[in-house]
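Quick note: the coordinates plus some simple rules give every number you see, no bench work behind them. These numbers were taken from a predicted model, which means no experiment stands behind them. Note that each Cβ is placed from the backbone with ideal geometry, even for glycine, and that neighbours are counted across all protein chains shown.
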Amino acid sequence: MKQFLLLAAFCFANILQAQKVAIKDFAKINGAWKGSLTYLDYTSGKPFTMPANITAIVQNRFIILQYDYPQEPKANGNDTININTEANTIDDALVTRRQLNTDGSLQIETEKKGKDGNDHKNAIIKHIYVISDTLFVSRKEVKFTGEKKWIQRNEWRFHR
């Protein structure tokens, strides 16, 4: 029985370790990508899609994203994502899933409490990252307090 418990503890520790996020998980996104941004317009309730490109720079524990919107250059900008391997967080959101998909891509999900929507309602905010050599997806989903359904707030989908 003691051996079984030790083996179970060892396996459980390995599973927990395997779920931890690492900056190297994002190494494949270095460079230039072309794609689109789709977001939910809360006013109309309809999704809107527009062309979008990024250049990603992965260094130390940060990912710097330079966004380029060819049809809306005034919206161009930068974003920095902070990977904290000790706390197992991405931008202060806890990593809740890290899995290798059947197509070989890596999927990382985070969740944290926050506010969203035009009226800043309380919600759980989920970010989903899908990473491969040729695909990078960053999706935000929201579940408002008291609701059961997740809403896709936005999705950047890039290829190269």
How large is ³J(HN,Hα) for each residue in segment 123-135, as worked out from phi by the Karplus curve 6.51 cos²θ - 1.76 cosθ + 1.60 (θ = phi - 60°), to whole Hz, x for Gly and Pro?
7, 9, 10, 10, 10, 10, 10, 10, 10, 8, 5, 10, 9
10 Å binning of all Cα-Cα separations within segment 78-142, expressed as whole percents from 0 upward
20, 47, 28, 5
Name the long-range amide H neighbours of Asn76: under 5 Å, sequence gap of 5 or more, or other chain; modelled H, no Pro or chain starts.
Tyr69
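Over segment 23-159, what number does the Rg to Rh ratio reach, with both radii from the alpha-carbon atoms and Rh per Kirkwood? Before the final figure, lay out each step's value.
Details: Rg = 15.0 Å, Rh = 15.7 Å.
Result: Rg/Rh = 0.96.
So what's segment 120-160 giving for Cα Rg divided by 2.2 N^0.38 Å, two decimals? Provide the component values of the computation, followed by the final result.
On the way: Rg = 12.5 Å, N = 41, 2.2 N^0.38 = 9.0 Å.
For segment 120-160, the normalised Cα radius of gyration comes out at 1.39.
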Using alpha-carbon positions, what is the distance between the centroids of segment 26-52 and segment 108-160, in Å?
12 Å
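Hey, got the dipole for segment 23-159? About the Cα centre, +1 on K and R Cβ, -1 on D and E Cβ, debye to the nearest 20? Write down the numbers at each step before the final one.
Working: 20 positive and 17 negative charges, 60 e Å.
With Lys and Arg at +1 and Asp and Glu at -1, about 280 debye.
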